[in-house]
1. For Glu101 and Asp138, what is the calculated FRET efficiency with R₀ set at 22 Å and r taken between the beta-carbons, to the nearest 0.05?
2. In nm², what is the average projected area of the convex hull enclosing the Cα atoms of region 589-667?
3. Which residues in region 86-119 place their backbone N less than 15 Å from a point set 7 Å from the Cα of Trp643 along the Cα-to-Cβ direction?
4. For a quick check: with amide H placed at 1.01 Å from N, whose amide H comes under 5 Å from Thr552's, ignoring anything fewer than 5 positions away on the same chain?
5. Note the full-extension length gain between Lys879 and Phe864 as 0.36 nm times their separation in residues minus their Cα-Cα distance, in nm to one decimal.
6. State, as an integer percentage, the relative contact order of region 202-284 based on alpha-carbon contacts under 8 Å between residues 6 or more apart.
7. Stretch Tyr897-Ser814 to full length: gain in nm at 0.36 nm per residue minus the Cα-Cα span?
8. Taking Rh as the Kirkwood radius computed over C-alpha pairs, what is the Stokes-Einstein D of region 560-695 at 25 °C in a medium of viscosity 0.890 mPa s, expressed in µm² per second?
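The values are calculated or read from the model by the stated rules, or taken from the named source; none is laboratory data. Everything quoted here is computed from the prediction, not taken from an experiment. Every residue, glycine among them, receives a Cβ derived from its backbone with ideal geometry; neighbour counts consider all protein chains shown. Accessible surface areas use protein heavy atoms only, side chains included; no ligands, DNA or RNA. Shrake-Rupley method; radii C 1.70, N 1.55, O 1.52, S 1.80 Å.
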Amino acid sequence: MEESSAEAPDSSTQDDLPPLAVKDVNVQLERERSEGISSPSRYDDSTLLNPGTHSSILDDNTKSDPGLPEGRSKSSGLCFSDGKSRIDYILVYRKSSSQSEKREVFERNIRAEGLQMEKEASLTNSDVIFLKLHAPWDVLCRYAELMNIRMPFRRKIFYMHRRHKFMSRMEKRINKFRGWLPRKPMKFDNNTLPDLEENESFTAPFSRSRIHHFIIHNKDTFFNNATRSRIVHHILQRVKYEEGKNKMGLNRLLSNNSYEAAFPLHEGSYHSKNPIRTHGAENHRHLLYECWAWWGVWYKYQPLDLIRRYFGEKIGLYFAWLGWYTGMLFPAALVGLLVFLYGLFTLDHCQVSKEICQATDIIMCPICDQYCPYLRLSDSCIYAKVTHLFDNGATVFFAVFMAVWATVFLEFWKRRRAVLAYDWDLIDWEEEEDEIRPQFEAKYSKKERTNPISGKPEPYQAFTDKYSRLVVSASGIFFMILVVIAAVFGIVIYRVITVSTFAAFGWALIRNNSQVATTGTAVCINFCVIMLLNVLYEKVALLLTNLEQPRTESEWENSFTLKMFLFQFVNLNSSTFYIAFFLGRFTGRPGAYLRLINRWKLEECHPSGCLIDLCMQMGIIMVLKQTWNNFMELGYPLIQNWWTRRRLRREHGEKAKASFPQWERDYNLQPMNAYGLFDEYLEMILQFGFTTIFVAAFPLAPLLALLNNIIEIRLDAYKFVTQWRRPLPSQAKDIGIWYGILEGIGILSVITNAFVIAVTSDFIPRLVYAYKYGPCAGQGRAGEGCMMGYVNASLSVFRVSDFERRSHPKTNGSKLFGEAVKYCRYRDYREPPDSVEPYAYTLQFWHVLAARLAFIIVFEHMVFAIKTLIAYLIPDLPKDLRDRMRREKYLIQEMMYEAELERLQKEKNEKKKKDRAHHKEWP
């Protein structure tokens, strides 16, 4: 679900290039006069501009970008009042705030760093002040060098190996045949997306001493908006606001309410009166909306290069991963649908469901105490057929397929991530050492120790203090897991009680389907409990993470992520684990039921099996949770922004919003989540768990996930482009700790699917019957004809007179069957009541148990072996990418050498000219 806007040139023109044709690329450096922008000399609000003086300005960045037409990038509020200095960052504060002294010192030090600033009051609230920041060329160059920002310095030239003449002719014929075929509808036209220069050039860390090596056509557009904002944010994080070694940084000023908000600007409006096909895009935001966030392009690939340019590599990698995950769901959803259809088409040939539907003379024991009546086995005919849709011969194959799919998905994501990291110049990027958190400094500022890397003194946390806090945090996690188990226990008690209640219900539909009604209502209640506990978990995870006192922001983020994932995973899947592995397993038998607190009989499975309960649990929870998440993700910011627009229209008129500058419009949008991309990743990771962990019981899970993700991509895109302030562009080379969590879910899914097939499904008992006890016993085959008599062999006989007093049904069955019931049947492998050892386990029970254990061991070892083999066979780096990286490294060395020689030769020639001119002056 992704598309890169930079494509390699045609290989037919590349073969004829000389090895060092790159040295002929011209280096252009357009020398422009430096901007002299006056800045206020005072630090109070008397320097504010008149709020009504702002006017429409030209966004030079978007105007000069390829793919955007001239004259189409005008937008209000992207520059200072002079119309030339671009706004790189916005700080917002209130005049009534009590932190004015800190702000004055902070702003004075900002000017000392070379940043230019301009203040302007809000049009809607005179108490709100916008501080506009601009980084001049020399400041950008200085900090780009300090931050090792990679910039383009030569066009990429791809070298292809010469092919055999026969292969070349075949390629030409194939390409000619492709030309007759219709164009891929998922791809954009080449003229829709701009050619981003940085994706077609070799890059190197910026250096002022070698500035003549870099491709600089225009100083204003050499550093794009995202890079300029990142540089300014880097400066603001290191500017002091008070005397003291730790009194610095914008984050601290935001936390103590010196500033109310800080954000880079969007590049204008995402709407346009003119269609994009005829008039082009107004700016990159408008282009992203039309090509990505608009619901009409849901089937198109994502313009990842444009996303990365506008939002930064971190957000670009999230959408690349989400698109890759969604694309990989297509084969999983297709195979799952085929498994479901196989069950549907073989329904009429299923011997087990036939026998259940024809078993009108088999009377089943009541499933609850007193109020549940005797039932014919044929009454569960519909449930037996539905169970066959999910529990059929293809179930084992699908479980193995999904385990292999999860491995292939992760291994090929490694390769895709490597390609993106190469295209986005992240291969050699190393994350800077995180700053120490202010809370950590405040707590441990009295104790210091020299940092072995930087050699500077820093706060130190003692070993005993650190691990005592970890023990307390782990105890809190364990306690919250016990809370989840208690909630599940409450749901179990609810199911036990309501089975009897629904069995005595006045409405015949509910009374005859008491078990299904119990399962459905229990799942809905469980969903409500899940959503309520999620709110509690976030607060507890924050409390426990802050209690641990992590040293850096990355440590804090990883600790919080692990806690939240663990809480959410246990909360979401605990009831599913109960239904899959415990429901109906420890109920005892009629006449000797196991009871909760010696009072309530544990719930039994439906006569057709427990798999139908698991399917209902997964289907309802998955659909409800995805619907709720999508509503909250888009509904909440939409409602908030609608309310803000309504208030502004009521106070300032209908046309007020159109006259607002860009900073005012962005300020009225919703800020990005406090935890960044955490909520987006968490939702998808939990969905991945649902798709893989119990997929043997619910083969339609990948299809539901696919449909949700197609909506999710456009929903997130619409939210980022239209409803949120522009987040600070930041770099990242992978998805972080989430990859390890995905690998853990993949391992867990193999184990759970093995147990679902062996324990929850009837696959193993049917297999044992077919090969050992059925009509084909000893013949080495197991078809539908070999299953004749399976239902009767899987049911045991119970004498009604052996019922406990509190379990004895109130009706003796005479109204339904014409005479009092003396014997009833139940699902188990036990001796009849008249045998030597009444109700003892039969030999078939032990055969089935041994087969189940053997299947679990064989299945797990086989699947893990396949997963390990696939992971070994798929290299992390594609071979062509490895060759391109080596070739690029060689070319960069050659080009730098050639460029240096050219510079030295030019200097030598200029010196000779000066010497000749000097000698001519002598008589």
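1. E(calc), rounded to 0.05, equals 0.15.
2. In nm², the orientation-averaged hull projection of region 589-667 is 10.8.
3. Flagged as within label range: none.
4. It is Arg437, by chain and number.
5. 2.8 nm
6. 14 percent
7. 19.8 nm
8. For these conditions, the coefficient is 127 µm²/s.
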